[in-house]
Amino acid sequence: MTKEISSKYDPSEVDDKWYGYWLRHGFFRSVPDGREPFTIVIPPPNVTGVLHMGHMLNNTIQDIIVRRARMNGKNACWVPGTDHASIATEAKVVAKLASEGIAKNSLTREQFLEHAWEWTRKHGGIILEQLKKLGASCDWERTCFTMDEVRSKSVIKVFCDLYNKGMIYRGVRMVNWDPKALTALSDEEVNHREQNGKLYYLKYKIVGDAGFAVVATTRPETIMGDTAMCINPANPKTAHLKGKRVAVPLIGREIPVIEDEYVDMEFGTGCLKVTPAHDVNDYMLGRKHNLPSTDIFNDNGTLNENGAMYAGMDRFEARKKIELDLQEAGLLEKAEPYTNKVGFSERTDVPIEPKLSTQWFLKMDGLAAPALAAVENDTVRFYPEKFKNIYRHWMSGIKDWCISRQLWWGHRIPAYYLPDGRYVVAENESEALDKLRKMTGDDSLQPSDMKQDVDCLDTWFSSWLWPVSVFDGINSPDNSEINYYYPTSDLVTAPDIIFFWVARMIMSGYEYRGIECFKNVYFTGIVRDKLGRKMSKQLGNSPDPLELISKYGADGVRMGLMLTAPAGNDLPFDEALCEQGRNFNNKIWNAFRLVKSWNSDAQIQQPEASAIACRWFESVLNITVSEVDDLFGKYRLSEALMLIYKLFWDEFSSWYLETVKPAYQQPVDEKTYRATLEYFDALLRLLHPFMPFITEELWQATEERADGESITVSATPVAKDSDRELVAAFEAVKEIISNVRTVRKQNNIPAKESIVLEATGKHDSRFDAVIRKAVGAGAIRVTDTKSHGAVSFLVGTVEYSVPVGGNIDAEAETVKLKEELKYMEGFLASVEKKLSNEKFVANAKPEIVENERRKLADARSKIEAINGRINMLGSI
């Protein structure tokens with residue numbers, strides 16, 4: 001189908017129309033067939049989230065890769081979906097209930113989950129609809145949710161399997177506790193950053209002695225949990241404390257002084273307070289010395305009954321009060337400013353609390369080994385490669401993963417307990433009851449006799465299975481889809497979840513499929529504002545993506561994002577980039593309107609200038625196609641876009657179209673017209689992955705199309721043979737044309753006035769027809785002597801002259817030439833100096849020395865020509 005092209009490009013009339021067309025014809029739908037599969041799974045955004053600039057960048061890149069694969073004839077399958085995001089979603093539901101005067105603890109688990117599912121149904125999936133505005137070519141029929149039936153069954157099955165393999169265990173460990181979300185966190189969910197605080201020097205009374213032992217700590221509120229003081233046995237400064245006991249300040253409880261080489265003799269006073277329940281290192285020390293652990297905190301970060309007179313106070317308020325009380329009691333020697341790193345919850349941004357807690361853990365050593373090897377040997381390729389070092393560092397020191405969370409929204413841990421604490425792990429209640437009956441030998445046990453674990457699994461425990469579970473590869477490991485689409489091809493993600501998600505997916509892939517889960521990982525950068533700040537709601541520096549699309553069109557925004565988005569490097573986003581993208585849209589639109597406005601005539605013979613331009617542009621096009629192929633292979637997408645952008649704006653629009661366009665109201669020959677439309681078609685297909693909407697609109701208008709045809713499933717251009725010598729020679733032609741146009745402008749020669757162009761030297765006459773048309777030259781004469789009063793310029797070693805008669809400003813021209821002479825003499829001197837260096841000539845590669853000698857000859861030739869022009873002007 002074809003249509004009249006309006007005078008101005010209006011994305012609002014184009015984008016929705018073609019997206020609906022693509023969906024209607026099922027161009028994004030993928031089912032297994034005989035073609036090579038190309039699979040990408042979307043990093044699932046939070047189910048109740050909305051589109052932000054990070055999503056825009058990530059999904060634009062995914063769509064570019066998927067669309068190109070589809071055009072390369074592959075069976076492209078882009079699987080969309082959302083993540084249930086336990087902590088974030090539960091927090092939103094709790095806040096919503098609180099605004100209605102309902103407290104979470106006033107509800108049963110089932111009642112709360114009804115509210116959570118209602119919230120998810122109301123807000124879930126909005127972000128996926130927004131991605132359609134961007135042009136995302138996902139197979140929407142495959143949309144998954146980490147808590148849908150298939151994925152939930154997969155998660156429970158994997159938990160049970162790993163438990164049965166002895167890889168999941170339950171135990172009391174020191175965990176990262178989030179007092180706001182009221183849940184344990186994995187190490188990867190904690191961000192450490194420097195905080196300005198104080199180092200407090202506390203005085204512990206030595207029992208049976210008049211003196212004090214001084215301890216330096218950043219957390220005086222934890223003294224209520226102290227169960228020992230520790231000194232280094234080799235430290236002479238603390239030797240007098242060996243075998244002693246000391247009294248905890250303010251409460252007077254006696255604790256022993258123990259000895260361990262762990263204590264740093266250089267830090268503080270050489271005495272260390274040991275609080276096993278609230279410090280990771282103290283916990284290890286406590287286990288080694290069989291110390292009791294005294295937990296002084298409630299789950300919400302207030303002090304419990306073990307906090308003595310500070311019970312019920314918030315931990316930070318208690319710190320302030322204890323400082324004052326210590327001063328009044330004469331037990332604070334001093335407090336000095338101190339900067340240290342504090343762990344903050346990645347989700348709630350509150351300081352975490354080290355806490356002893358019974359949790360579920362997954363052993364990581366065995367899982368990590370094949371996943372580390374896969375990246376090290378490039379079975380899984382990282383782009384850019386610098387992220388291999390970060391990955392290696394983390395994987396080499398990996399710790400067991402705390403997978404339990406004290407939440408209700410999520411996959412409930414499939415452990416079932418008897419009142420005496422014994423438990424089994426099972427995929428469902430029926431299986432659990434059978435196991436408990438066998439364990440106890442009591443066949444009279446009923447479902448009411450057992451209780452399921454109240455905790456949920458870490459959200460990442462479902463998303464680590466994503467490349468496998470979206471094809472139901474856990475529940476049905478030999479189904480046709482998992483066998484066809486797995487391993488997936490590429491993953492596009494942000495580097496900040498390399499540990500949360502990327503590493504764990506690779507592990508699960510090897511555990512459950514025996515091979516890698518994807519072949520390539522493209523790490524995007526972080527979108528920042530013009531000041532270099534990360535875009536965020538809190539800073540108010542993040543534009544609304546949908547407003548940008550409304551203002552500039554999806555293609556304009558996509559191009560704006562990709563203009564400065566090299567893999568792995570942060571993106572300094574400026575709305576002006578979207579404006580540049582829109583301007584490029586307009587350039588394409590107007591160029592197409594120009595070409596379609598021509599009338600072709602089959603009776604007209606193709607002009608020589610047009611024939612040359614066609615041969616030249618076809619070679620330039622083929623060279624660019626080859627270079628774009630290479631850049632896509634290296635995932636240098638921004639560079640590929642810039643190459644196509646320059647090809648269209650400069651080579652095609654500025655040079656090719658200007659060369660072949662017919663005179664005003666005159667027809668164009670049929671051969672040139674058909675070639676131009678073919679070039680335009682190829683350019684649109686090159687651009688389509690980056691700018692899908694405008695390219696579809698114009699592709700449909702290049703010729704009559706049937707309903708069901710689309711650029712989306714057309715073939716990407718294939719590089720053919722090119723004449724590189726012709727392309728190189730044409731660069732000199734451009735330079736000649738540009739210089740002549742400058743001479744015309746500077747000497748006020750009207751555009752309609754025919755000129756003569758003189759050439760002194762080895763002029764390449766193959767392109768004379770192109771030059772004559774471009775500069776309005778009646779003739780190009782090769783001469784040994786240029787005309788008197790002509791303005792000259794050099795292109796290579798050939799001097800060109802334009803006789804200008806009385807139009808020339810000899811004085812101004814002489815000044816310009818003398819500046820050029822000064823530069824060339826300096827350049828000549830630098831080359832002569834290099835060639836006079838015997839060591840350089842002896843050690844440099846022969847081709848480098850030869851290149852310098854060519855520079856020397858060219859410089860001397862140019863200086864001679866410039867001097868000649870200066871002498872000529874002096875005679876005017």
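The values are calculated or read from the model by the stated rules, or taken from the named source; none is laboratory data. Small disclaimer: the values here were computed from a predicted structure and weren't measured. Glycine also receives a Cβ, built like all others from the backbone with ideal geometry; neighbour counts cover every protein chain displayed. Quick note on the areas: whole protein, heavy atoms, side chains included, nothing else; ligands and nucleic acids left out. Shrake-Rupley method; radii C 1.70, N 1.55, O 1.52, S 1.80 Å.
For the charge dipole of region 523-621, defined by +1 on Lys and Arg C-beta atoms and -1 on Asp and Glu C-beta atoms about the Cα centroid, which residue among Leu548, Leu563, Ala602 has the Cα displaced farthest towards the positive pole?
Leu548
Based solely on C-alpha atoms, express the radius of gyration and the Dmax of region 109-204 in angstrom.
When restricted to Cα atoms, region 109-204 yields Rg and Dmax of 21.2, 68 Å.
Could you tell me which of rounded, prolate or oblate describes region 207-291, using a ≥ b ≥ c as the square roots of the eigenvalues of the alpha-carbon gyration tensor, with rounded for a/c under 1.5 and, failing that, prolate when a/b is larger than b/c and oblate otherwise?
Numbers: a/c = 1.39, a/b = 1.07, b/c = 1.31.
Taking the square roots of the gyration eigenvalues as a ≥ b ≥ c, region 207-291 is rounded.
Going toward the positive end of the dipole of the chain, with +1 on Lys and Arg Cβ and -1 on Asp and Glu Cβ, which of Ser508, Val342, Thr358 do you reach last?
My answer, from the dipole projection, is Val342.
Work out the P(r) tail for region 614-713: percent of alpha carbon pairs separated by more than 22 Å, whole number. Walk me through the numbers on the way to the answer.
Details: 1720 of 4950 pairs.
So the portion of pairs separated by more than 22 Å is 35 percent.
Going toward the positive end of the dipole of region 704-761, with +1 on Lys and Arg Cβ and -1 on Asp and Glu Cβ, which of Gly761, Gln746, Ser714 do you reach last?
In region 704-761, that residue is Gln746.
Given contacts defined as C-alpha pairs under 8 Å and at least six residues apart, what's the relative contact order of the chain, whole-number percent? Numbers along the way, then the final one.
On the way: 1485 pairs, mean separation 113.7, N = 876.
Relative contact order, the chain: 13 percent.
Quick check on the chain: helices-only [θ] at 222 nm, where DSSP H runs of length 4 and up contribute -39,500 (n - 2.57) each and the sum goes over total residues. Nearest 500, please. Mind showing how you got there, number by number?
Details: 27 runs with 364 residues, N = 876.
Calculated mean residue ellipticity at 222 nm is -13500 deg cm²/dmol.
Among the GluC sites (Glu not before Pro) in region 669-723, which ones are in a DSSP loop with at most 15 other Cβ atoms within 10 Å of the Cβ? Mind listing them?
Working: sites: Glu670, Glu678, Glu696, Glu697, Glu703, Glu704, Glu709; in loops: Glu703, Glu704, Glu709.
Qualifying residues, ordered by number: Glu703, Glu704, Glu709.
Could you bin all the Cα-Cα distances of region 447-549 into 5 Å bins starting at 0 and give me the percent of pairs in each, rounded to whole numbers?
For region 447-549, the binned pair fractions read 2, 10, 15, 16, 12, 12, 12, 10, 7, 3, 1, 0, 0 percent.
Express the carbon and sulfur contribution to the solvent-accessible surface of region 449-575 as a percent, rounded to the nearest whole number, probe 1.4 angstrom. Let's see the in-between values first.
Details: 2210 of 4320 Å².
After summing per-atom areas, the C and S share lands at 51 percent.
Heavy atoms only, probe 1.4 Å: what % of the accessible area of region 1-141 goes to carbon and sulfur, would you let me know?
Working: 3120 of 5840 Å².
The computed percentage sits at 53.
Using a 1.4 Å probe on the protein chains only, how many percent of the accessible area of region 719-876 belongs to carbon and sulfur?
Numbers: 4560 of 9160 Å².
Here it works out to 50 percent.
How much accessible area does Val175 have with a 1.4 Å probe, in Å² rounded to the nearest 10?
Result for Val175: roughly 10 Å² accessible.
Determine the dipole magnitude for region 29-70: charges of +1 sit on the beta-carbon of Lys and Arg, -1 on that of Asp and Glu, nothing else is charged, the reference point is the Cα centre, and the result goes in debye to the nearest 20. Intermediate values should be presented prior to the final figure.
Values: 5 positive and 3 negative charges, 26 e Å.
It comes to approximately 120 debye.
Over the chain, with the other protein chains present, what is the accessible area per residue in square angstrom, probe 1.4 angstrom?
Values: 38970 Å² over 876 residues.
Per-residue value: 44 Å².
Quick one: dipole size for the chain, taken about the Cα centre, charges +1 on Lys/Arg Cβ and -1 on Asp/Glu Cβ, in debye to the nearest 20. Mind dumping the intermediate values first?
Values: 109 positive and 124 negative charges, 261 e Å.
Rounded to the nearest 20 debye, it is 1260 debye.
Report the Stokes-Einstein translational diffusion coefficient (µm² s⁻¹, integer) for region 1-62, Rh taken as the Kirkwood radius over Cα pairs, at 25 °C with viscosity 0.890 mPa s.
Details: Rh = 15.5 Å.
Calculated translational D: 159 µm²/s.
Residue by residue, what Karplus-based ³J(HN,Hα) values in Hz, rounded to whole numbers, does region 657-665 have, using 6.51, -1.76 and 1.60 with θ = phi - 60° and x for Gly and Pro?
Karplus values, whole Hz, x for Gly and Pro: 4, 5, 7, 9, 5, x, 5, 3, 6.
Glu376 accessible area, nearest 10 Å², 1.4 Å probe?
Looks like 80 Å² after rounding.
Just the C-alpha atoms of region 1-110: what Rg/Rh do they give, with Rh taken as the Kirkwood radius?
Details: Rg = 20.7 Å, Rh = 18.1 Å.
Taking Rg over the Kirkwood Rh, I get 1.15.
Pull out a ≥ b ≥ c, the square roots of the eigenvalues of the alpha-carbon gyration tensor of region 321-413, then state rounded if a/c is under 1.5, prolate if not and a/b is larger than b/c, and oblate in the remaining case. Walk me through the intermediate numbers first.
Values: a/c = 3.13, a/b = 1.87, b/c = 1.68.
Note, shape of region 321-413 comes out prolate.
What net charge do the residues around Arg636 carry, taking every other residue with its C-beta under 12 Å from that of Arg636, with Lys and Arg at +1 and Asp and Glu at -1?
Numbers: positive: Lys634; negative: Glu627, Asp629, Asp630, Glu639.
So the environment of Arg636 carries a net charge of -3.
I need the shape label for region 672-736. Rule: rounded when a/c is under 1.5, else prolate if a/b > b/c, else oblate, with a, b, c from the alpha carbon gyration tensor. Provide the component values of the computation, followed by the final result.
Details: a/c = 2.47, a/b = 2.24, b/c = 1.10.
In terms of gyration-tensor shape, prolate.
Run through all the Cα pairs of the chain and give the fraction in each 10 Å bin from 0, expressed as whole percent.
Reading the bins upward from 0: 2, 10, 15, 16, 16, 13, 10, 8, 6, 3, 1, 0, 0.
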